[in-house]
Amino acid sequence: MELDLQGVRAAGTERKGRGRGITGTGLTMAPQGVLKKILRPGAAQDYGGFGQAGKAADLAALPPRPPSSRSPGADSPSPGGDQSPSRSQDDIGLSLRRALSHVSSAHLRSDPPRPYEGAGSESLPSAVLKQRLSAVSADGRKGSSVSEKTDRRPRNVGSLPPKQSRSKGSSRPATSDEGTPARRASRSEKEKSAPLFGGSDEDAISPFGWSASLALPSQKKEAKSSRLNLLASVFLSRPPVLFFDYEPFCGASARDPGRILAEEDTKAIGLTAAPKMYFVIHTTKDVHEYHAVVNTLKHAGLHKAPVGSTKFCIYWGPHPSPELLRSLNPFQKVNHFPASWHLGRKDLLGKNVQRMKRQFPKDFNIMPAHFTLPDDAQSWAQAREQQPSALWIWKPVNLSCGKGIRLFSAHVPAATEKKLASKPGVVQRYMDRPLLINGYKFDLRLYVVVTSFDPLKVYLNSEGLVRLATEKYDCSPDSLKNRMMHLTNYSVNKHAAGYKQNLDGAPAVESTARSPSPEAEAGAGEDASDNEADSDAGQEGEDVPEAEEQGEPGDGAEETEAQSKAEEQASKWSLRQLQDYLTANGKDYKLAMARIEDLIIKTLISAEPQIVNMWQQGANFSTASPTPIQQVGSNQTCFEIFGFDVMLDDQLLPWLLEVNTFPSFSSSSPYDKRIKTQLVSDVFTLLGISPFDNDAVEKAVKEEQAKRLQGLPKSLTVVRTHTNASIKTATLRSFGEAEWRLILDTHDEHMRRGNLRRIFPKQGTEIYQQFLSSPRYSNLVLDRWIELGGERCFLPDARDQLPLGIPPQVCFAPV
């Protein structure tokens, strides 16, 4: 990436020049120095250091959005989320510079726009979809401007039997007469009718060798099979995945069913009967059986299996052991990455961020000054001497719900200091100048979904929680013991007289506050850590029955006005409410959210080496796997939903408080219930879980194991076609099978995103490569693909860039 470092003056001056466009995209970015100032400008109050002040950047110095003159190459969709061929290039992709100052207001609204708006992005009913699939199947290169005779098949794409050996570094078999005209003509005819990625016609359509035979229940079990909702891929000839609609009582509108396969569609692909599929919930002191999770799984047609069962497709429990990961088949998913506690534990998170800050002091000033006790007791004492006016907050390492949190001034009694230094905990610089809402302190709970760390793929939920304290803020020394003023966590404030539920537009009832049940209190510690604005830890009270949540119908106009007023006074706001409040008070909400996205990505990168290393130790499928071995990135059997707790200061700078690896999915209000149920459903659909029958997969595993015991070669091995150096200059046609599997999976996943928005990778995020401990090939592949146009390469008018054998995209409407 080439950036022009000249042409931008200091804050308050006029811009004299623009940053050059990113090569191959036509997009313009702000010069690097300005970019850093926008993301983390020096603030009058620096909570990350020892009182070193800086000057806030003038937003007027940011270059204005350039006119629409982009070339194909953008990754990020428009606010509507579609990928319409008829839309302008300017609407399809966003550079990071534009994201900072011109992010669509619909990206993080509590009521995002319908994803099926826009020309060419209409939802496709199953009958229409079936016709369209048939039409494209008959004309395999529909919309292409290049002759069918042109050989554009990628290297290593399987037009050859898998047992035929290949010479090293070559994509063709080592034969002596392959170069003759007759041989080439024969091979060309075979390639036209060959399956996409080698193997048999039945097994070659999936990134994991999925076939309908693996999903067909045996005759004995066929009577017990259940109806599953299957979602069609946006690509021709790729297998369907499980679809998770919103549970009907959560208050959310149903998802668009346009891509759900009808019964005749499933039979057409060989699924004459649906398999019976299972989930496992392993409850511990940190993991609870939430209604949002269980109801979503059951509503999708899945059945609960006991802990210890191996026939699940989704495992919801504590962090997986390497042994569990090695026992998984490619169609199973677990809800944690191994070693993600490097983000969830307050002490480890602080060490990771501080390590990155030593290497990149300006870029990683994202967390208040942090000390781990008892090891850093002496350093903390020195910091208090250097900052006599600063306030400090002490937190236990492994407690939650605000338990044990204490606030201190610089003058700590000797006895108290000795006591704190004798037990494990963390001390952070207290943010004494937070941004306030009507005089009340607040923090943000943002839900971040990671589907992979290798490559890194990160999504941000469009809705989150704005959690307010229940007493107006005052930072005088006399107020430090007032927990309901300084802590914003639900567990502290729910008993306050001023606490009010967010009814999410539902009519108010006489009494919304009630004492939590014993069961709720017993589970009230699920967020793995706490902070000054602690997590929604634990069961936030039982899910309120629908009659109590909805109330009784009343007069429409008066009721609407009352609901609006009640929401303004609620102790939890939506991000849409926060946006409206900040805009009304002259604050730039879009800039704040762009900075928060930057903070999220950097936080995940800080723990990426530890997580990937342990993931790779246990994530390899057993040698008896019935599927091809994909050698671009780790095997994708893990996902995780993180709860990021972030606070904005009075300069609109975000500061990381903590990351929760066990965020609460219980419901303390109708608003909580809706957004958490929607989040769970969106994540499960995003995962792309293939239907499979456990007995059929076990049989295939045994057959593969028997072949290997006899010394027979693997059914199919996928290898990369580039090095870390050559991939940076590769073309789309030079990508091989391994690279295209990764790209197709990534785009298919993105088209199942629901209310999630991908923040990494996208156009402009290649600047984060400098922070990664090592350049991972999978990240470089996606970066290069995005640089070359990203998802635009699948539009009908751009398919001439692709090699032969890449399936056409037949649907452009995300779900």
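Identify all residues within segment 413-434 that are of a type outside the set (Lys, Arg), open to solvent by 10 Å² or more (accessible area, probe 1.4 Å) and within 15 Å of Pro374 (Cα to Cα); write none if there are none. Within segment 413-434, Ala414, Ala415, Thr416, Glu417, Ala421, Ser422, Pro424 qualify. Taking the criterion of being part of a loop (DSSP other than H, G, I, E, B) and closer than 12 Å to Leu648 by Cα, the residues of segment 431-442 that qualify are Met431, Asp432, Arg433, Leu435.
Residues that are closer than 17 Å to Ile743 by Cβ and either touching an Asp or Glu at 6+ places or on another chain (Cβ under 7 Å) or without any contact (Cβ under 8 Å) to a residue 12 or more places away in the chain (or both) within segment 788-813 comprise Gly790, Glu791, Leu804, Phe812, listed in sequence order.
With respect to (1) open to solvent by 10 Å² or more (accessible area, probe 1.4 Å); (2) within 30 Å of Thr677 (Cα to Cα); (3) touching a helix residue (DSSP H, G or I) at 6+ places or on another chain (Cβ under 7 Å), the lone exception for Pro455 is condition (1).
Taking each residue of segment 404-420 that is within 14 Å of Asp478 (Cα to Cα) and looking for partners that are among the hydroxyl-bearing types (Ser, Thr, Tyr) and in a helix (DSSP H, G or I) with beta-carbon atoms closer than 6 Å, six or more apart or interchain, yields nothing. Selection over segment 478-493 of residues that are of a type in the set (D, E, K, R) and either surrounded by 21 or more Cβ atoms within 10 Å (Cβ to Cβ) or free of Cβ contacts under 8 Å to residues at least 60 places away in the same chain (or both) gives a count of 1.
Is it the case that some residue within segment 758-771 is over 27 Å from the mean Cα position of the chain (by Cα), open to solvent by 10 Å² or more (accessible area, probe 1.4 Å) and at pLDDT 90 or above? No: zero hits. Test Ser389 against the criterion of being among the small types (Gly, Ala, Ser) and in contact (Cβ under 8 Å) with a residue 60 or more places away in the chain, and give yes or no. Here the answer is no, as Ser389 does not meet what is asked. Being within 26 Å of Gln809 (Cβ to Cβ), open to solvent by 40 Å² or more (accessible area, probe 1.4 Å) and under 27 Å from the mean Cα position of the chain (by Cα) is the filter here, so list the residues in segment 720-739 that pass it. Arg720, Lys728 - these are the residues of segment 720-739 that are within 26 Å of Gln809 (Cβ to Cβ), open to solvent by 40 Å² or more (accessible area, probe 1.4 Å) and under 27 Å from the mean Cα position of the chain (by Cα). Here's a check for you: in segment 403-430, which residue that is over 22 Å from Lys351 (Cα atoms) and either at pLDDT below 85 or part of a loop (DSSP other than H, G, I, E, B) (or both) is farthest from the chain's Cα centre (by Cα)? Filtering segment 403-430 for residues that are over 22 Å from Lys351 (Cα atoms) and either at pLDDT below 85 or part of a loop (DSSP other than H, G, I, E, B) (or both), the one farthest from the chain's Cα centre (by Cα) comes out as Pro413.
Scanning segment 349-367 for residues that are open to solvent by 40 Å² or more (accessible area, probe 1.4 Å) and in contact with a His (Cβ under 7 Å, 6 or more places away or on another chain) turns up just one, Gln354.
Please verify whether Ser340 is in contact (Cβ under 8 Å) with a residue 24 or more places away in the chain, open to solvent by less than 10 Å² (accessible area, probe 1.4 Å) and of a type in the set (Ser, Thr, Tyr), treating the condition exactly as stated. In short, yes. Residues of segment 644-654 that are closer than 15 Å to Thr488 by Cα and not acidic (Asp, Glu): Phe644, Val646, Met647, Leu648. Just wondering, is there one or more residues in segment 194-206 that are assigned to a loop (DSSP other than H, G, I, E, B), at pLDDT 75 or above, open to solvent by 50 Å² or more (accessible area, probe 1.4 Å) and over 30 Å from Asp504 (Cβ atoms)? There is no residue in segment 194-206 that is assigned to a loop (DSSP other than H, G, I, E, B), at pLDDT 75 or above, open to solvent by 50 Å² or more (accessible area, probe 1.4 Å) and over 30 Å from Asp504 (Cβ atoms). When Asp347 is evaluated against the numbered criteria (1) among the acidic types (Asp, Glu); (2) under 25 Å from Phe244 (Cα atoms); (3) in a helix (DSSP H, G or I), which criterion, by number, is the only one it fails? Here Asp347 clears every test but (2).
Residues checked against (1) over 30 Å from Ser211 (Cβ atoms); (2) modelled with pLDDT under 95; (3) aliphatic (A, V, I, L, M); (4) in contact with a Gly (Cβ under 8 Å, 6 or more places away or on another chain):
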position: Asn635; (1), (2), (3), (4): no, yes, no, no
position: Gln651; (1), (2), (3), (4): yes, no, no, no
position: Pro663; (1), (2), (3), (4): yes, yes, no, yes
position: Ser669; (1), (2), (3), (4): yes, yes, no, no
position: Asp672; (1), (2), (3), (4): yes, yes, no, no
position: Lys676; (1), (2), (3), (4): yes, no, no, no
position: Val680; (1), (2), (3), (4): no, no, yes, no
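Matching residues to (1) touching a Phe, Trp or Tyr at 6+ places or on another chain (Cβ under 6 Å); (2) at pLDDT 90 or above; (3) open to solvent by less than 70 Å² (accessible area, probe 1.4 Å):
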site	(1), (2), (3)
Ser211	no, no, yes
Leu216	no, no, yes
Lys220	no, no, no
Ala223	no, no, no
Leu230	no, yes, yes
Asp245	no, yes, yes
Arg259	no, yes, yes
Gly270	no, no, yes
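Assessment of segment 740-756 against the conditions (of a type outside the set (Ser, Thr, Tyr), buried (at least 23 other Cβ atoms within 10 Å of the Cβ) and assigned to a strand (DSSP E or B)) yields at least one matching residue. Quick check, is Val334 buried (at least 17 other Cβ atoms within 10 Å of the Cβ), β-branched (Val, Ile, Thr) and touching a Cys at 6+ places or on another chain (Cβ under 7 Å)? Considered against the rule, which asks whether it is buried (at least 17 other Cβ atoms within 10 Å of the Cβ), β-branched (Val, Ile, Thr) and touching a Cys at 6+ places or on another chain (Cβ under 7 Å), Val334 comes out as yes. With respect to Ala252, is the statement that it is among the hydrophobic types (A, V, I, L, M, F, W, C) and more than 23 Å from the chain's Cα centre (by Cα) true? It is false that Ala252 is among the hydrophobic types (A, V, I, L, M, F, W, C) and more than 23 Å from the chain's Cα centre (by Cα).
Taken together, Lys285, Lys304, Lys346 contain a single residue that is modelled with pLDDT of 95 or more and basic (Lys, Arg), which is Lys304. Pairs linking a residue in segment 289-310 that is loosely packed, with under 15 Cβ neighbours inside 10 Å and among the hydroxyl-bearing types (Ser, Thr, Tyr) to a residue that is outside any helix (DSSP H, G or I) and modelled with pLDDT of 95 or more, with Cβ atoms under 9 Å and 6 or more positions apart or on different chains, are Ser309/Tyr278; Ser309/Val280.
Going residue by residue through segment 700-722, is there one that turns out to be touching a Lys or Arg at 6+ places or on another chain (Cβ under 9 Å) and free of Cβ contacts under 8 Å to residues at least 12 places away in the same chain? Yes - at least one qualifying residue is present in segment 700-722.
Evaluating Ser690 against the criteria (1) modelled with pLDDT under 95; (2) surrounded by fewer than 24 Cβ atoms within 10 Å (Cβ to Cβ); (3) closer than 21 Å to Cys250 by Cα leaves one unmet condition, (3).
The values are calculated or read from the model by the stated rules, or taken from the named source; none is laboratory data. Treat the numbers as computed from the prediction; the structure is a model and nothing was measured. In this analysis, Cβ positions are derived from the backbone assuming ideal geometry, glycine residues included, and neighbour counts consider all displayed protein chains. Calculation scope for accessible area: heavy atoms of the full protein, side chains included, ligands and nucleic acids excluded. Shrake-Rupley method; radii C 1.70, N 1.55, O 1.52, S 1.80 Å.
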